[in-house]
Amino acid sequence: MANSNIYFFIVLISIIVSIISIRYAINLRNYLKEFIAVSKKISNKEFHSKINISAKGELGQLVDNFNYMIDTIDTTIQEVEYKNLQLKSIVKSISHGILAIDINGNVLLINKEAKNIIKASYVDPIEGKNINNVIKDDKILNEISRFIGSKKTKMKQITNDEEIVYNIKLDPIYLQSSKNVIIGSIINIENVTERVRLENMRSDFVANVTHELKTPLTSISGFVETLRINENIDHKTRDRFLGIIENESDRLKRLIDDILLLSFIENKDTI
């Protein structure tokens, strides 16, 4: 009789344990399904999804940690997207060409002016493409390709086959966690054709004015010296010499006025 009772209790306990195990297994399977479903949504960037499971113990802690991780990822992505939006707005507002590339020469970011300079198509997106496939100007491409990977800022002025002058400046982009690892470059391309033309005109003008100044000064100096050492010069000759000095003085005044006007225009353009 005693043995029968023992066997009965063993069977009963086994049944209870089995029921509990089956129920736990079913719950665990449902939990796993929930985790898998939410994970798929997260992979599709649906970060508003959460695991809605009321659980205690280690499983409950796992659920809380998982949901917290989702919130953290969502917040981080929003911050990154906001900063990217700010960066794109700033880059678009810059009047000269800005181009960001990775260490392999793939385009990360480009503004409108840079697209105009490299003669890129507006139909297809340029981001993600290699500069070898998007930059049509061989001289610009050669200089940029030569600078990629440099740890120092590089600057070069080039003139392309169309006689357009560009200033090219390349600054390295370092990995945030390491200042020794270069991950790309920021390239500044500026069309300075008009500026160079004006600078050349200014240089020519200054050279010509310098030459022109010598002539009246030499003339004035010569006639003044003649009048100083020759006190017996007749009035007619003296008046003629003074007339020449006056004319050369007027010529000097006009040249000086031209120099002052040029200086005024240059200062006005730099304001």
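Observations on the model:
- Among the residues of the range 125-142, those identified as part of a helix (DSSP H, G or I) and either farther than 14 Å from VAL107 by Cβ or not assigned by TED's automatic domain parsing to the domain that holds VAL107 (or both) are ASP138, LYS139, ASN142.
- Yes/no for LYS136 being exposed (fewer than 13 other Cβ atoms within 10 Å of the Cβ) and not hydrophobic (A, V, I, L, M, F, W, C): yes
- Residues within the range 155-186 that are among the basic types (Lys, Arg), at pLDDT 85 or above and either part of a loop (DSSP other than H, G, I, E, B) or farther than 21 Å from LYS115 by Cα (or both), tallied: 0
- Any hit, the range 230-246, residues being at pLDDT below 80 and of a type in the set (A, V, I, L, M, F, W, C): yes
- Selection from the range 181-197 of residues that are among the aliphatic types (A, V, I, L, M) and within 22 Å of ASP161 (Cβ to Cβ): ILE187, ILE189, VAL192, VAL196
- The single condition among (1) assigned to a helix (DSSP H, G or I); (2) modelled with pLDDT under 80; (3) surrounded by fewer than 16 Cβ atoms within 10 Å (Cβ to Cβ) that ASN52 does not meet is (1).
- Set LYS179, LYS236: member being at negative phi, within 53 Å of the chain's Cα centre (by Cα) and loosely packed, with under 12 Cβ neighbours inside 10 Å: LYS179
- Condition met for ILE98 (modelled with pLDDT under 85, touching a helix residue (DSSP H, G or I) at 6+ places or on another chain (Cβ under 6 Å) and not acidic (Asp, Glu)): no
- Selected residue (criterion: farthest from the chain's Cα centre (by Cα)) from residues of the range 247-271 that are modelled with pLDDT of 80 or more and polar (S, T, N, Q): ASN247
The values are calculated or read from the model by the stated rules, or taken from the named source; none is laboratory data. Given the structure is predicted, the values throughout are model-derived calculations rather than measurements. With ideal geometry, Cβ positions are generated from the backbone for all residues, glycine too; neighbour counts draw on all protein chains shown.
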